[in-house]
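A quick write-up on the structure given underneath.
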Amino acid sequence: MSNDAKTMTIWQRGLRSDLIACLLIGLIAVICFYAMPSGLSLLTRIIAIMLLVLSIDLVTGYGGVATLGHAALFGAGAYAAGIAAAKFGITDPLLMLLIGTIAGAIAGFLSSLVILRGHGLSQLVLSIAVIMLAREAANKFSTWTGGSDGLSGIAPSPLLGMWRFDLWGKTSYWLAVILLLVVFLILRQIVRSPFGMLVKAIRQDPIRVSAMGAPVYWTLVKMYVISGAVAGLGGALSAVATKVVGLDALSFELSAEAVVMLVLGGTANLFGAMIGTTVFIWFEHLVSSVNPFHWLTIVGVLLVTVVLFAPRGLTGIADQLRDKFGKGGAK
Amino acid sequence: MSLFEVRNLSKKFGGLNVTNDVSISLNPGDRIALIGPNGAGKTTFVNLVTGHIRPDAGVVMIAGQDVTRLSPRARVHAGLVRSFQVTRLFPEMSPEEHVAMAILQRMGKVEKAFGDYRSMPEVMAETAEILGILNLTPIARSRVSGIAYGQQRLLEIGLAMALRPKVLLLDEPAAGVPSSDTVLIERALDRLPPDLAVLMIEHDMDFVFRFAQRVVVLAAGTVIFDGTPAQVAADPQVREAYLGSYAE
């Protein structure tokens, strides 16, 4: 086989595995749609948060940037989409999503300029400062954001002029699933690309990357912008689906919970981000309905168990099994 | 005009002169060794030259360009590449990924956000060639954290080869490598392009004398001798300061 033919096969193999993964996600989405017809709002929320967790994975899992303020980018997307609809009458849902994505990317760029100046603990503190400032700004500019009452009056028009955002959340759900599939395919391309490889290398040894002549700071800024766009899209999706944006979209708690979901699923792994989000929110929802008094304790026990016995998260267990029984090698 | 020239480079840490008025020049194809006792300031010199430490005085020139105030990254673009005394690699990545990334960096494609390097025939062919020269083909796709230290040292040289520099600074390339494996490092260095200027810091005198056309001796941050290996071995001051019984 010629080299060209061989390399084409490698490319095709990558695309094929991505398409199989998309089919699997689509199949799960269809099953959930029919199995949980009254839980579509919860599933849509899971997908919106999944986009936030995926965005954290890009900068933390792949890039090694410590952040507890990523909800600022999610909130920027949510408020931008919400303000566009409630204050400017831009109610086309796709346009709202686009506005949210751009707002998230801009917020990602601006916050990266601050956060990436620090390292380790100082980086973490800067990221917390970013989310606190963002929340305070949203609270102060209540004319635009609704302050602590939340931003209401968001009424997205029918999707493509055909599908109304119904009470059961069917349109929101399928919109969310399609967005997740598109984002997943794009992010798979990015993390496999030379740029993705460079970001992973920066996490492992930025001095070595610099000694090779490659940019460290601006590479991470670019990843932050991409990450911001994904988080902003998640926020905008949340605004479109729930028709309200509250200060909780800009909370430290949401940032921290999203990091926990990522650790639970496994870092530097897009599947990890998706599995971690699903398991965490589903488990939280289940336990809180079964035991409304001690559900936080039970969630805590789950997290301690996973961190102690599977420090690389749920997908890390699968990797370990593959290394043990299948073929090893670099990821 | 020399390809690489360091003029009157000086650096003080507190009151201590760690680099004192050092001048060295290299022409294309030079193979020069920088030797000296521990604490002589050899690694500080490399850090000053590559821009990881800012000098108090002096000039660093590459191909006629003054790079003294440039960042380490800009110096790489000017053609100056270094290896590290303690191996600095990416433990979760494979040798193939290391070399491919260096090639992509040289080609200006390392920031491409789409595509897979394995679908780039020109990158794959050069990667395979470099790994083949270094005998790293069998472990091309293993994690670097799992390969032998000697192979990691070879990979450091492979990264330098992939970047195709004009000047290569090797900081103790055989450090930590069993003497039986030093020959692999020597073989790899023999395969470096003939027009590449190489400045190597090394403690293994047998290795130095086989490799270098010229030896520069540093003691207490000052160049105390610059000459051929035979002249260095015969110089009483160098014998006193560094070589000791080795010269006998």
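Rule-based calculations on the coordinates, nothing more; no lab input. Note that the structure is a prediction, hence the values are computed from the model and not measured. As a convention, Cβ positions derive from the backbone with ideal geometry for all residues, glycine included, and neighbour counts pool all protein chains shown.
In the elastic network of chain B, a GNM with C-alpha springs shorter than 10 Å, the most mobile of B:ARG153, B:ARG214, B:ARG191 is B:ARG191.
The fewest-to-most ranking of A:PHE271, A:PHE88 by surrounding Cβ atoms within 10 Å reads A:PHE88, A:PHE271.
Against chain A, whose longest principal axis is taken from its Cα atoms, helix A:295-309 shows a tilt of about 10°.
Axis angle, to the nearest 10 degrees, between helix A:252-265 and the longest C-alpha principal axis of chain A: 40 degrees.
With the cut-off at 1.5 for a/c, could you classify chain A from its C-alpha gyration tensor as rounded, prolate or oblate? Rounded shape, in that the Cα axes give a/c under 1.5.
Averaged over peptide B:65-75, the number of partner chain Cβ atoms lying within 10 Å of each residue's Cβ comes to 2. Using Cβ point charges alone (K and R +1, D and E -1), the dipole size of the stretch A:11-251 about the Cα centre works out to roughly 440 debye.
In this model, which of B:LYS112/B:LYS166; A:LYS140/A:LYS222; A:LYS200/A:LYS324; B:LYS11/B:LYS42; B:LYS12/B:LYS42 are farther than 21 Å apart at the alpha-carbon? Pairs exceeding the cut-off: B:LYS112/B:LYS166; A:LYS140/A:LYS222; A:LYS200/A:LYS324. Applying the criteria of a DSSP loop state and at most 12 other Cβ atoms within 10 Å to the trypsin sites (Lys or Arg not before Pro) of the stretch A:105-202 yields A:ARG117, A:ARG164. When A:HIS70, B:HIS203 are arranged by Cβ crowding within 10 Å, least crowded first, meaning fewest neighbours, the order is B:HIS203, A:HIS70. Over chain A, DSSP H runs of length four or greater, each weighted -39,500 (n - 2.57), average out per residue to a 222 nm ellipticity of -25000 deg cm²/dmol. Comparing mean-square fluctuations of B:ALA113, B:ALA100, B:ALA175 from a GNM of chain B with C-alpha springs under 10 Å, the top value falls on B:ALA113. Highest mobility in the GNM of chain A, judged by mean-square fluctuation with C-alpha springs under 10 Å and restricted to A:VAL240, A:VAL259, A:VAL304, is found for A:VAL304. What does the charge add up to near B:VAL86, with Lys and Arg as +1, Asp and Glu as -1, over the other residues with Cβ less than 13 Å from its Cβ? Around B:VAL86, the charge tally is 0.
Report, in whole Å, the centroid distance computed from the Cα atoms of the stretch A:76-117 and the stretch A:186-264. Between the Cα centres of the stretch A:76-117 and the stretch A:186-264 lies a distance of 15 Å. Applying the Karplus relation 6.51 cos²θ - 1.76 cosθ + 1.60 with θ = phi - 60° to the stretch A:159-175 yields 3J(HN,Hα) values of 5, 6, x, 10, 10, 6, 7, 6, 5, 7, x, 5, 4, 4, 4, 5, 4 Hz, where x marks Gly and Pro. Across the stretch A:79-86, rounded Karplus estimates of 3J(HN,Hα) from the backbone phi angles (6.51 cos²θ - 1.76 cosθ + 1.60, θ = phi - 60°) give 5, 4, 5, x, 5, 4, 7, 6 Hz, Gly and Pro being marked x. Taking amide H positions as modeled 1.01 Å from N, with prolines and chain starts lacking one, the residues under 5 Å from B:LEU218 and 5 or more places away or on another chain are B:ILE35, B:GLY36, B:ILE224.
Let me confirm one metric for peptide A:183-191, namely the mean number of other chain beta-carbon atoms within 10 Å of its residues' beta-carbons. Don't skip to the answer; put the middle values down first.
Details: counts 0, 0, 0, 2, 0, 0, 4, 2, 1.
Average per residue, whole number: 1.
When the protein assembly as shown is described by a simple charge dipole with +1 on each Lys and Arg Cβ and -1 on each Asp and Glu Cβ, the residue from A:ALA258, A:GLY147, B:VAL217 located farthest towards its positive end is A:GLY147. Against chain A, whose longest principal axis comes from its Cα atoms, helix A:270-290 is set at around 50 degrees. Note on A:TRP163, A:TRP295: ascending count of other Cβ atoms within 10 Å places them as A:TRP163, A:TRP295, the fewest first. Distance from the C-alpha centroid of the stretch B:163-225 to that of the stretch B:3-19: 21 Å, rounded to the whole angstrom. Helical runs (DSSP H, four residues minimum) scored at -39500 (n - 2.57) apiece and divided by the length of chain B put the mean residue ellipticity at 222 nm at -10000 deg cm²/dmol.
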